[in-house]
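Inspection log for the structure reproduced underneath, given as structure tokens.
The values are calculated or read from the model by the stated rules, or taken from the named source; none is laboratory data. None of these values were measured; they are calculated from a predicted model. Ideal geometry is used to build each Cβ from the backbone, glycine not excepted, and the neighbour counts take in all protein chains shown. Calculation scope for accessible area: heavy atoms of the full protein, side chains included, ligands and nucleic acids excluded. Shrake-Rupley method; radii C 1.70, N 1.55, O 1.52, S 1.80 Å.
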Amino acid sequence: MIGRSLWSSRAHEFLGSLLLLFFALVLAVMSAYARRDGEFHAAAFLGLVALIFASLLCFTLIPQLLARLSLGFRNRIHVLSLTRRGALFLFLVIGLVFSTMNTGNNLLILVLSFLFSALLVSGLVSDLILQKLTISLGIPERIHALQDVTCLVTLHNMKRYFPAFALELKSRKRHPGTHSDQSDFFVQEKNFPYIRAGENLTLKLRCSFRRRGEYPVEGFDISTSFPFGFFSRRRKLEAQGRILVYPALFDLRSVFFFHPHLRGGDELNQRGLGSSLYNIRQYQDGDSARHVDWKSTAKLNHLMVKDFAREEQSVMNLFFSSYLPNQSVLALAQFEKALSYLTSLGDYYWKQGQSFRFVSESCEIGVSERRSDFQELMKYLACVQPSKKNRVSELQLALPCVLFVAGEAPVPAGIPTVDYLQL
């Protein structure tokens, strides 16, 4: 019943529009006959009424037809914009039109026809170039704020016979107030001069992101002014995705100087695979050539190798409180700085092969050898926001640990605490 009523309403709309168009046509014909008989006032009145009917039809029917078009078809409609060269060309064409109307010169009519043909060919060729184009974006696995990264932009020409010329690609930004303003990724343009039929072309895009967080990718605008440069045709390439940017990486030497317990592993007075020198002894079969001590070898005239002290690989617990009592501009900057130091610590432990556990009010992640756990921690640090509720008491503190808090917080005695507002 619903489908039948919908069809009935659309049929009534179509018949009404057809009747209105018929009335406009009849009035226009009557206006022509009245003008031929010398009834100029009646001809003007009938022509005006016919124009009103036709305008009413255009303003009511055409928007309804456009609204019923599918989204994919509307995205394939190519937007046309005039270039400076095109404006000069149109000025020349208009001048030739007036000259032709005044003189009736056949040579000017021939030149004018060639110019209109050039306009038609330009539109058809540029429209053909923008058809069957797809894009793919390759981004690095890890992107940190304040770092220059290289993204790969690949444009695929899916046409079988016709190549693509003079293409300009730019990322589309719909929401100017979001994180998109914190990167030059959304303002850069890449030029693809020529892509053969059925092939693709990859270009490098160097960009940076000034803040951590999610950067939504909402599509690209591709345009061409080929072949004559009179008009620039633009088409939208839809794309849905996001670029996740982790907090910036900082140098940890100053933090280790004031908080040496953040280094993690404790050195033991035993031989192992640490980084501190334990002993120098004579070379034995099976020792690595990388550990040869050449100074001792030169003095004693036989190979000597280094032994290193073993480090105790205890699991470090990093506790983080997102509670920020005073969310001023300076406090928010210190919050972002604390996240960068936590990211740097996590990256340091991960590269050292040391297991650690990260705990906050809404997240608990144990990071060992699994890369997925480390990536989950990075994603949390990229998206976490300051909280207005103090929930430090809910953290299950366990030694050895370090607690990152904003200001002085009531914690059990003996728990190392770092006030990240003072970092």
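Quick notes on this structure:
Residue-wise test of (1) at pLDDT 85 or above; (2) more than 28 Å from SER288 (Cα to Cα).
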{"position": "GLU312", "(1), (2)": "no, no"}
{"position": "VAL315", "(1), (2)": "no, yes"}
{"position": "ALA338", "(1), (2)": "yes, yes"}
{"position": "GLN352", "(1), (2)": "no, no"}
{"position": "SER368", "(1), (2)": "no, no"}
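- Checking GLN385, GLN354 one by one, the residue that is in contact (Cβ under 8 Å) with a residue 40 or more places away in the chain, surrounded by 17 or more Cβ atoms within 10 Å (Cβ to Cβ) and in a loop (DSSP other than H, G, I, E, B) is GLN354 and no other.
- THR60 satisfies every condition listed in (1) within 39 Å of the chain's Cα centre (by Cα); (2) hydroxyl-bearing (Ser, Thr, Tyr); (3) at pLDDT 75 or above except (3).
- Taken together, THR150, THR134 contain a single residue that is modelled with pLDDT of 85 or more and farther than 30 Å from GLN385 by Cβ, which is THR134.
- Qualifying residues in the stretch 125-140 (those that are assigned to a helix (DSSP H, G or I) and of a type outside the set (Ser, Thr, Tyr)) - the one surrounded by the most Cβ atoms within 10 Å (Cβ to Cβ): ILE129
- Given (1) modelled with pLDDT of 85 or more; (2) more than 31 Å from the chain's Cα centre (by Cα); (3) open to solvent by 20 Å² or more (accessible area, probe 1.4 Å), index of the condition PHE404 fails: (3)
- VAL111 being in contact (Cβ under 8 Å) with a residue 12 or more places away in the chain and either part of a loop (DSSP other than H, G, I, E, B) or open to solvent by 50 Å² or more (accessible area, probe 1.4 Å) (or both): yes
- Residue match in the stretch 257-275 (condition: open to solvent by 50 Å² or more (accessible area, probe 1.4 Å), in a loop (DSSP other than H, G, I, E, B), at pLDDT 75 or above and of a type outside the set (Gly, Ala, Ser)): no
- Some residue of the stretch 192-208 being surrounded by 19 or more Cβ atoms within 10 Å (Cβ to Cβ) and assigned to a loop (DSSP other than H, G, I, E, B): no
- Matching residues, the stretch 172-191, being in a helix (DSSP H, G or I) and at pLDDT 65 or above: ASP181, GLN182
- Every residue from the stretch 141-158 that is under 14 Å from ALA382 (Cβ atoms), open to solvent by 10 Å² or more (accessible area, probe 1.4 Å) and out of contact with any Lys or Arg (no Cβ under 8 Å at 6 or more places or on another chain): GLU141, ARG142, GLN147
- Figure legend. Inter-residue proximity from the stretch 315-339: first residues surrounded by 17 or more Cβ atoms within 10 Å (Cβ to Cβ), second residues in a loop (DSSP other than H, G, I, E, B) and of a type in the set (Val, Ile, Thr), beta-carbon distance below 8 Å, spacing 6+ or different chains. Indicated pairs: SER322/VAL384; LEU339/VAL384.
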